[in-house]
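Below is one structure, written out as structure tokens; comments come after it.
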Amino acid sequence: MKALLIGANGQLGSDLVKVLTDVDLIPLCHRDVDICEPVGLRETLRRHAPKMVLNMAAYHKVDECETNVEKTFAVNTHGVRNLALACKERDCTLLHISTDYVFGGEANRRVPYTEIDLPGPINVYGVSKLAGEYLVRYILDRYFIFRVAGLYGVAGSSGKGGNFVELMLRLAREGRDIRVVDDQRTTPTYTGDLARQIAAVIKTEHYGLYHATSQGDCTWYEFAVEILGQSGLNPNLSRARTGDFGEKATRPAYSVLENRALQRIGLDLMRPWQEALGAYLQEREAA
Ligand SMILES: NC(=O)c1ccc[n+]([C@@H]2O[C@H](COP(=O)([O-])OP(=O)(O)OC[C@H]3O[C@@H](n4cnc5c(N)ncnc54)[C@H](OP(=O)(O)O)[C@@H]3O)[C@@H](O)[C@H]2O)c1
């Protein structure tokens with residue numbers, strides 16, 4: 001299968017490049033193609049004639065999105081529409097990545113969200129990603145949408161300049177006091193695992209919407225405790241609450257996803273988040 005990977009040097013994109021070795025993969029970076037430029041995008045698809053396009057491109061600095069609303073919708077919504085239309089024109093399947101932040105409006109929720117739960121985003125980023133999802137579903141018959149959460153990978157997020165694990169390790173090694181929010185519950189997910197999960201599903205014809213995170217859930221504080229514990233570091237770590245750092249965006253208190261659609265097709269390969277973190281720490285050492 002010939003596939004075009006957009007955003008190939010990002011965090012998840014670079015792990016997909018490592019995993020999709022049996023695919024005739026054309027990895028493209030932002031300088032090669034911009035999903036906000038429909039003419040160039042269509043030309044890129046015409047030139048390479050892929051059977052599938054995998055879209056990693058997004059604007060996901062959640063606080064910046066609150067004030068850069070135009071850019072947020074340009075990339076996460078209109079850019080995704082451009083891509084879906086270009087795929088339709090060339091009869092291509094589209095794989096698109098969405099987010100747990102399409103949920104969050106139910107303040108007292110403590111049951112993981114499945115694919116049939118009604119989304120309710122509470123920040124600009126979440127609204128723009130949900131609108132992108134809807135456009136993919138409206139325009140195309142053959143698509144895969146993966147809602148993912150709390151990504152960390154060896155490449156680090158190019159959009160955010162690193163990842164949460166690396167930040168914790170750096171602050172601890174610098175001997176700094178660390179404060180982390182303990183009232184936002186999600187599931188941190190290793191992009192190496194996620195790339196293998198995506199690779200398994202896109203080889204099937206089980207098109208549709210999937211939740212794909214590691215198993216289990218934690219707060220960011222609990223995640224920090226596990227990172228530092230597994231790394232043998234013992235800095236002064238304390239709990240913070242949402243709003244303590246003056247963040248612009250409202251974040252969900254609970255956005256845990258259940259991989260129900262993956263379970264239904266017998267392809268849920270994701271492991272508990274603690275094990276996945278261990279694998280990441282080993283991989284970064286090896287790298
Ligand atoms: N990171 C998370 O914690 C998280 C959580 C939930 C969902 N997600 C979703 O997961 C996906 C992948 O995230 P990630 O952390 O791997 O992202 P990332 O590391 O920031 O990678 C995004 C890639 O897209 C490229 N890109 C940005 N705007 C583009 C445009 N207009 N046209 C073409 N390419 C563009 C970036 O290039 P440049 O850097 O050169 O611009 C980069 O290569 C995104 O859809 C994101 O919304 C992420």
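The values are calculated or read from the model by the stated rules, or taken from the named source; none is laboratory data. In this text the structure is predicted, and so the values were computed from the model without any measurement. A quick note on method: Cβ atoms are made from the backbone with ideal geometry, for glycine too, and the neighbour counts reach across all protein chains shown. Remember, those area values only see protein heavy atoms, side chains included, never the ligands or the DNA or RNA. Shrake-Rupley method; radii C 1.70, N 1.55, O 1.52, S 1.80 Å.
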Practice task
Apply the Debye scattering formula to segment 77-125, with a single equal point scatterer on each alpha-carbon and no solvent, then give log10 I(q)/I(0) at q = 0.25, 0.29, 0.31 Å⁻¹.
Solution key: -0.95, -1.09, -1.17
Problem - Cross-link pairs Lys61/Lys203; Lys71/Lys248; Lys18/Lys129; Lys18/Lys51 - those with Cα-Cα distance over 23 Å - result: Lys61/Lys203; Lys18/Lys129
Practice task
Residues in segment 160-190, backbone N under 13 Å from the label point at Asn236 (7 Å along the Cα-to-beta-carbon vector): list them, ranges by number please.
Solution key: 175-179
Practice task
Could I have the simple spin-label model distance between Glu174 and Glu66, label points 7 Å from Cα toward Cβ, reported in nm to one decimal?
Solution key: 2.3
Handout entry: Cysteines in the chain that, by Cβ-Cβ distance, have no pairing candidate under 4.7 Å
Key = Cys29, Cys36, Cys65, Cys218
Completion exercise
Only helices counted: for the chain, with every DSSP H run of 4 or more residues adding -39500 (n - 2.57) and the sum spread over all residues, [θ] at 222 nm is -11000 deg cm²/dmol
Problem - Cut-off of 10 Å, at most 11 other beta carbons, DSSP loop: longest stretch of the chain lacking such GluC sites (Glu not before Pro) - result: 1-173
Exercise for the section: Please work out whether segment 44-117 counts as rounded, prolate or oblate from its C-alpha gyration tensor, where a ≥ b ≥ c are the square roots of the eigenvalues and a/c under 1.5 means rounded, while otherwise a/b larger than b/c means prolate and anything else oblate? Expected result: oblate
Problem - Residues with amide H under 5 Å from that of Tyr210, placed H, sequence gap 5 or more - result: Ile145, Phe146, Arg147
Fill in the blank from the handout: Measuring from the longest principal axis of the C-alpha atoms of the chain, the long axis of helix 220-230 (C-alpha) lies at a number of degrees, nearest 10, equal to 80
Practice task
Evaluate the charge dipole of the chain about its Cα centre and quote only its size in Debye, nearest 20, assuming +1 on the Cβ of each Lys and Arg and -1 on the Cβ of each Asp and Glu.
Solution key: 420
Exercise for the section: Mind jotting down the distance between the C-alpha centroids of segment 9-86 and segment 259-287, whole Å? Expected result: 24
Fill in the blank from the handout: Nearest 10, in degrees from 0 to 90: the angle of helix 273-286 to the longest Cα principal axis of the chain is 80
Exercise for the section: Provide the descending list of Cα extents for the chain along its principal axes, expressed in whole angstroms. Expected result: 55, 39, 38
Practice task
Take every DSSP beta bridge with both residues inside the chain and express the antiparallel ones as a percent of the total, to the nearest 5.
Solution key: 10
Fill in the blank from the handout: Residue-normalised value, i.e. accessible area per residue, for the chain at 1.4 Å probe, in Å², stands at 45
Practice task
With a 1.4 Å probe and every protein chain kept in, tell me what percent of the accessible surface of segment 41-158 is carbon plus sulfur.
Solution key: 50
Practice task
Answer rounded, prolate or oblate for segment 210-287, using the Cα gyration tensor with square roots of eigenvalues a ≥ b ≥ c: rounded when a/c is under 1.5, else prolate when a/b is larger than b/c, else oblate.
Solution key: oblate
Exercise for the section: Working from the alpha-carbon coordinates of segment 1-126, get Rg over Rh, Rh being the Kirkwood radius. Expected result: 1.01
Problem - Label-point separation in nm, Val225 to Asp24, each point 7 Å along Cα→Cβ - result: 5.2
